[in-house]
Amino acid sequence: MITAFGIQPSILPSMILSTHTGGFGKPATLSVAKNLSKFQKHWHQADVGFENILVGYLGSETQVYEEIHLLLEQNVSKLVVLDPAFADHGKLYSGMAQSVVDDYLLLCRHAQVLLPNLTEACFLIGQTVPITIDEQHLSIILEKLSQKTGVADVGITGVELNNQIGTAFLSDKSFTYVSSAKISGNFFGTGDLFSSLVFGFLLSGDTFLMALKLANQWTSAAVTDTIKQFSRDSRIGIVIPSVLSKILTYKGS
């Protein structure tokens, strides 16, 4: 996905899984936590640095967060996008300890963009996850989250309002919501696709507002493409060829 934007990526995995965590049962995992410092040492010796960094799922091992914090400290990056993945539906993911909240708050010190879901946003500010939500409540959460983390551009993803699903954020201190019609079902991979698109659009020179708007539209289009493939195993995740095609022909907004 990142390569399609014309960006040369380098991947630093926190762990290797036999499958993703949805629909296939408990995957087999292989931790690389103990080797992260070796990767970073080699990069340093080879004089390899990273101008921009996208941080996604990191797992549950504290050592991983410590190593990523060190990586972010040592790299003077122009853009760091942090897409937390530790909780949803009012609770931590299985295997996650409460300490993961502090781990993510530490990483937030280095981020320019933060994209949690509602549960993660509430956990990061130490607030109970509301049963129902509205624009006023979201605005308060967004303001508190920006103040606590120091991150200027914060968007709460996966927000459902009026049969729509999208991202809530503050634009010039005013509540803004970019969304599309909610489609019933589980579509694995939409979160990773969304954050990758936001990252790519920002690096293409788009504003935070435009990056969120386009990422929402293109992720929604991928979901629409997926449901057209009736025989497809839903556990495999969304289809993205049309998104890749859009990226390759994208000339900026």
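Limited to region 197-211, what total is found for residues that are within 15 Å of residue 155 (Cβ to Cβ) and either in contact with a strand residue (DSSP E or B) (Cβ under 7 Å, 6 or more places away or on another chain) or surrounded by fewer than 19 Cβ atoms within 10 Å (Cβ to Cβ) (or both)?
Residues meeting the conditions: 7.
Out of region 47-85, which residues are of a type in the set (Ser, Thr, Tyr), within 23 Å of residue 156 (Cα to Cα) and part of a helix (DSSP H, G or I)?
Listed by number, the list holds a single entry, 65.
Could you check region 89-110 and list, in sequence order, the residues that are of a type in the set (D, E, K, R) and in contact (Cβ under 8 Å) with a residue 24 or more places away in the chain? Give the derivation first.
Within region 89-110, the subset of a type in the set (D, E, K, R) is 91, 102-103, 109.
The answer is 91, 103, 109.
Inside region 224-253, can you point out the residues that are in contact (Cβ under 8 Å) with a residue 24 or more places away in the chain, surrounded by fewer than 20 Cβ atoms within 10 Å (Cβ to Cβ) and not in a loop (DSSP other than H, G, I, E, B)?
Hits for region 224-253 are 224, 227, 234, 235, 236, 244, 246, 248.
Would you check if there is a residue in region 165-185 being touching a residue at least 40 places away in the same chain (Cβ under 8 Å), outside any loop (DSSP other than H, G, I, E, B), of a type in the set (A, V, I, L, M, F, W, C) and surrounded by fewer than 21 Cβ atoms within 10 Å (Cβ to Cβ)? Working first, answer last.
Our first condition is that a residue be touching a residue at least 40 places away in the same chain (Cβ under 8 Å); within region 165-185, this holds for 166-167, 169, 175, 177, 180, 183, 185.
Subset that is outside any loop (DSSP other than H, G, I, E, B): 166-167, 169, 175, 177, 180.
Of the ones still in play, those that are also of a type in the set (A, V, I, L, M, F, W, C) are 169, 175.
Narrowing further to those that are surrounded by fewer than 21 Cβ atoms within 10 Å (Cβ to Cβ): 175.
There is at least one residue in region 165-185 that is touching a residue at least 40 places away in the same chain (Cβ under 8 Å), outside any loop (DSSP other than H, G, I, E, B), of a type in the set (A, V, I, L, M, F, W, C) and surrounded by fewer than 21 Cβ atoms within 10 Å (Cβ to Cβ).
Among the residues of region 101-117, how many are outside any loop (DSSP other than H, G, I, E, B) and either at pLDDT below 95 or of a type in the set (D, E, K, R) (or both)?
Residues that pass the stated criteria total 2.
Cβ-Cβ distance below 9 Å, separation of 6 or more or different chains: which pairs start in region 126-150 with a residue that is on the phi > 0 side of the Ramachandran plot and end on one that is of a type in the set (A, V, I, L, M, F, W, C)?
From residues that are on the phi > 0 side of the Ramachandran plot, the pairs are 126/101; 150/108; 150/111.
Name the residue, out of 28, 4, that is among the small types (Gly, Ala, Ser) and either within 25 Å of residue 201 (Cα to Cα) or surrounded by 14 or more Cβ atoms within 10 Å (Cβ to Cβ) (or both). Break it down stepwise before answering.
Values: 28 fails: either within 25 Å of residue 201 (Cα to Cα) or surrounded by 14 or more Cβ atoms within 10 Å (Cβ to Cβ) (or both).
Checking each option against the conditions leaves just 4.
The values are calculated or read from the model by the stated rules, or taken from the named source; none is laboratory data. This is a predicted model, so every value here is computed, not measured. Neighbour counts are summed over all protein chains in view; Cβ atoms, including those assigned to glycine, are modelled from backbone coordinates with ideal geometry.
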